[in-house]
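Every number in this text was worked out from the coordinates using simple rules, so none of it is lab data. The shown structure was predicted, so the numbers you read here are calculated from the model rather than taken from an experiment. Neighbour counts are summed over all protein chains in view; Cβ atoms, including those assigned to glycine, are modelled from backbone coordinates with ideal geometry.
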Amino acid sequence: MVAEMMDDMDETRVAIIGAGLGGLCLAQALTRAGIDCVVYERDAGLDSRAQGYRLRIDADGAGALAQCLAPPLYDLFRRTCAVPAPRSRFVDGQLAPMTGRAPEVWSTANEGTGDLCAHRQTLREILMRGIADKVRFGMAFQALEGTTGGRARVTFADGQVIHADLVVAADGVNSAVRRQLMPQADPLDVGAVCLYGRTILTPAVRAAVGDDLCGGTSVVFADGYAGIIDPMLFEGGAVSAGLTPVADYLYWALIGPRTRLLGPFGRAMPDEVAWRLADGWDPRLRALFRQADPRDMALLPVRSARLARTWPHWGSGPVTFLGDAIHAMSPAGGLGANVTLRDAAVLAASLSRIPSITAAAREYEAEMRTRAARAIHLSEVGAASLFADVF
């Protein structure tokens with residue numbers, strides 16, 4: 001009886017599963033267009049778990065945000081990004097310059113391209129502005145089925161049920177929606193891992209790592225793996241806007257084949273892996289990892305939707321996919337977040353322009369398939385360049 005009552009009461013035009021960057025960006029765009037939507041997120045709150053740190057937003061990603069956000073929010077996004085790095089360099093473990101190793105998918109370390117570096121949690125907080133009443137936390141997706149009339153019926157783990165004209169799966173690389181509808185489209189483990197972390201720039205850390213690491217992006221090439229270090233220096237825009245304060249930090253990531261990053265170390269914790277990989281490197285690099293808080297580190301497998309060119313068509317029903325839920329890709333190309341933001345912009349534009357909601361979804365999917373397949377390919381090329389010693 002309770003479920004039947006909720007069937008009658010809880011309805012929306014577009015149900016977005018997942019309150020990550022893509023889901024929230026889509027909700028912003030739909031709200032601006034006057035299209036009813038609700039976001040359903042399994043986490044208890046926006047900050048209930050670590051979400052990562054630096055996001056590099058390229059011109060395409062920034063353009064998508066400009067299209068989806070109201071001008072004041074887009075301006076806030078730009079004001080809260082890190083101070084642009086004046087230069088970039090490619091070096092070895094001794095910080096000696098290297099040439100000819102930059103992946104072609106990258107610009108010359110993004111110099112002169114207008115790329116922006118955003119703190120992930122800050123961007124999520126901005127994307128929540130003005131739509132908090134449309135986001136339901138603690139709602140873990142359980143099942144989706146069609147109903148008479150072409151609508152979708154979504155059941156959540158707590159027994160709640162909603163109806164929607166369209167369900168957008170934006171629930172990330174481990175998408176529960178994809179697992180139900182298209183388990184054959186799960187992304188592949190490509191045999192690489194990425195170790196992420198950040199080192200807060202206290203005065204002692206600044207003295208230990210030196211000015212060079214704080215002065216711009218550094219890409220470090222080692223024996224079959226690579227690292228990237230980005231200074232994230234802020235000017236107080238987040239605090240002045242009432243957002244969660246963020247201390248200046250050095251973002252870093254080590255990426256490479258699992259056999260190179262983990263093979264020699266067994267089941268070592270992420271901090272120990274970082275220390276051992278940097279053994280023999282320049283003391284300034286070793287200080288970077290030694291001064292990092294282990295709680296700020298994450299070791300994740302690299303997964304890629306390598307079946308992009310042969311993705312199954314998931315039918316004409318009231319469901320579509322967005323972001324990592326359908327096109328996860330290697331972080332080596334720096335494209336994942338930008339492709340996801342573009343998904344939100346393209347889908348919102350189709351839904352705003354085409355009266356039939358399912359026809360709009362099909363139009364978006366046709367464009368997304370081609371665009372995402374290219375991004376996956378470029379990310380694979382970038383990974384191959386970074387690991388040139390191995391592949």
Checklist line | Loop-located trypsin sites (Lys or Arg not before Pro) in the stretch 33-106 whose Cβ has at most 16 other Cβ within 10 Å (DSSP) | finding: ARG49, ARG101
Next item on the list: Output the antiparallel fraction of DSSP beta bridges having both residues in the stretch 2-386, as a percent to the nearest 5.
Entry: 65
Checklist line | Shape of the stretch 2-386, Cα gyration tensor, a/c cut at 1.5 | finding: prolate
Notebook entry, point to check: Considering the chain as a Gaussian network with a 10 Å cut-off on Cα pairs, which listed residue, ASP324, ASP279, ASP92, attains the greatest mean-square fluctuation?
Noted result: ASP279
Next item on the list: Could you grab the Rg to Rh ratio for the stretch 1-97? Cα atoms only, Kirkwood for Rh.
Entry: 1.15
Next item on the list: Could you work out which residue, out of LEU65, LEU341, LEU188, moves most in a Gaussian network model of the chain, that is, has the largest mean-square fluctuation with Cα springs under 10 Å?
Entry: LEU188
Next item on the list: With springs connecting C-alpha atoms under 10 Å apart, model the chain as a Gaussian network and identify which of ALA50, ALA360, ALA170 has the largest mean-square fluctuation.
Entry: ALA50
Check: What Kirkwood hydrodynamic radius, in Å, does the stretch 144-195 give when the mean of 1/r is taken over all pairs of distinct Cα atoms and then inverted?
Finding: 13.1
